[in-house]
Amino acid sequence: MLCGLGLGRPAPTAAHLSLHYIERDPDPANPLRGDFAAIVVTALRSYGVVLDKTEMRLIDPLPALVQFYCSPPLGFHLVTPVGEHPYCSRSI
């Protein structure tokens with residue numbers, strides 16, 4: 001059973017990792033329901049530590065989920081650069 005999927009990559013020259021896609025299976029029987037985002041963020045953070053990165057970014061977050069990503073359990077904050085797409089950022 002595929003419970004969810006997160007796709008991202010480290011920036012080749014910058015000090016951050018980018019998560020471009022995160023989605024979980026909406027099935028109520030999904031064993032990771034309610035925990036999947038935290039698992040992905042933990043994996044992203046661990047990968048960042050190994051690569052000596054200092055920041056994690058969620059690229060183009062869905063507006064309806066920004067409040068969830070910025071809530072205390074995940075700890076991101078919204079960044080809205082002028083002329084660019086918004087992203088959620090968190091230190092590693």
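Computed from the coordinates by the stated procedures, all read-outs in this text should not be read as laboratory data. Note that the structure is a prediction, hence the values are computed from the model and not measured. Positions of Cβ are backbone-derived with ideal geometry, glycine not excepted, and every protein chain shown enters the neighbour counts.
Looking only at residues that are surrounded by 11 or more Cβ atoms within 10 Å (Cβ to Cβ), in contact (Cβ under 8 Å) with a residue 24 or more places away in the chain and farther than 14 Å from Tyr21 by Cα in the stretch 57-74, which one is farthest from the chain's Cα centre (by Cα)?
Phe68
Considering the stretch 19-38 alone, what residues qualify as being under 11 Å from the mean Cα position of the chain (by Cα) and touching a residue at least 24 places away in the same chain (Cβ under 8 Å)?
Listed by number, the residues that qualify are Leu19, His20, Ile22, Phe36, Ala37, Ala38.
Table: residues versus (1) on the phi > 0 side of the Ramachandran plot; (2) touching a helix residue (DSSP H, G or I) at 6+ places or on another chain (Cβ under 9 Å); (3) assigned to a loop (DSSP other than H, G, I, E, B).
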{"residue": "Glu23", "(1), (2), (3)": "no, yes, no"}
{"residue": "Asn30", "(1), (2), (3)": "no, yes, yes"}
{"residue": "Gly34", "(1), (2), (3)": "yes, no, yes"}
{"residue": "Val40", "(1), (2), (3)": "no, no, no"}
{"residue": "Phe68", "(1), (2), (3)": "no, yes, no"}
{"residue": "Leu78", "(1), (2), (3)": "no, yes, no"}
{"residue": "Pro81", "(1), (2), (3)": "no, no, yes"}
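One residue is enough: does the stretch 46-56 have a residue meeting the conditions charged (D, E, K, R), surrounded by 14 or more Cβ atoms within 10 Å (Cβ to Cβ), in contact with a Leu (Cβ under 6 Å, 6 or more places away or on another chain) and part of a loop (DSSP other than H, G, I, E, B)?
Yes, the conditions are met somewhere in the stretch 46-56.
Report, by residue number, each residue of the stretch 75-92 that is small (Gly, Ala, Ser) and surrounded by 11 or more Cβ atoms within 10 Å (Cβ to Cβ).
Gly75, Ser89, Ser91
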